[in-house]
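Step one of this worksheet: look at the structure below.
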Amino acid sequence: MSVSQQSYENNYSSEERVLADHLIGLEKAALDKWFKGDTSGYETLWSTRSFTYFDAVVTERVDDHETIKKFLDSIRGKLFAESFEFRSPRVQAVKDMAVLTYQLFSKTNLIDMEYNVVEVFQKEGNEWRVIHSTWSFIRPMDKKFSHTVV
């Protein structure tokens, strides 16, 4: 654990620590499915009520769950990886909203994933759902795009 990571975690209240662990657990559970070709983890985690999405391979913001579901359906059963690294997660929260940021690394059958990920959570009833998701390449100028995904 880095010094900066320790310092902000030391500032967590006990409630914030529980929330951070919960949100990180939700994200990791979705990723566990994702790398087995199962997109249902994100389909469930991402809000059906209010959702937006940016990705390194889309040119415009996705503005609803219906559109992102079509994308998820298009890659269901196609993306696989033996493992992934979930690095430097940080949760920043206020009342019924929270932001999870982390870095994701994985060598998949389609692409090498090296992403900065931002997930904005909002409490909907008793459940936490992602209302905005951004996946951006780490140092895109270093990427070599040899083939197209999807």
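So what is the relative contact order of the chain, in percent, for Cα pairs below 8 Å that sit 6 or more residues apart?
Result for the chain is 20 percent.
For LYS123, a cut-off of 12 angstrom between C-alpha atoms picks up these aspartates and glutamates, skipping any fewer than 8 places away in its own chain: ASP96. Ordering SER88, SER47, THR59 by the projection of their Cα atoms onto the charge dipole of the chain, which places +1 on the Cβ of Lys and Arg and -1 on the Cβ of Asp and Glu, puts THR59 at the extreme positive end. Exposed loop sites, defined as trypsin sites (Lys or Arg not before Pro) outside DSSP H, G, I, E and B with at most 16 other Cβ atoms within 10 Å, are absent from the longest region of the chain, namely 1-48. Once the GluC sites (Glu not before Pro) in DSSP loops with at most 16 neighbouring Cβ atoms within 10 Å are cut out of the chain, the longest remaining piece is 83-150. Near HIS65: Cβ cut-off under 9 Å, other residues only, Lys/Arg at +1 and Asp/Glu at -1. The net charge is -1. Rounded to the nearest 500, the helix-only mean residue ellipticity at 222 nm of the chain stands at -9500 deg cm²/dmol, with each DSSP H run of n ≥ 4 adding -39,500 (n - 2.57). Its Cα gyration tensor gives the chain an equivalent ellipsoid. The semi-axes, each the square root of 5 times an eigenvalue, are 25, 19, 14 Å from largest down. Bridgeable aspartates and glutamates around LYS33 (alpha carbons under 16 Å apart, same-chain partners fewer than 8 residues away excluded): GLU43, ASP73, GLU82, GLU85. The ellipsoid that matches the Cα gyration tensor of the stretch 51-105 has semi-axes, each √(5λ) in whole angstrom, of 23, 20, 11, with the longest given first.
Taken together, the values in this text are just the output of simple stated rules run on the coordinates, not laboratory data. Worth saying up front: this structure is predicted, and the values here are computed from it rather than measured. FYI the Cβ positions are ideal-geometry reconstructions off the backbone, even for glycines, and counts take in every protein chain you see.
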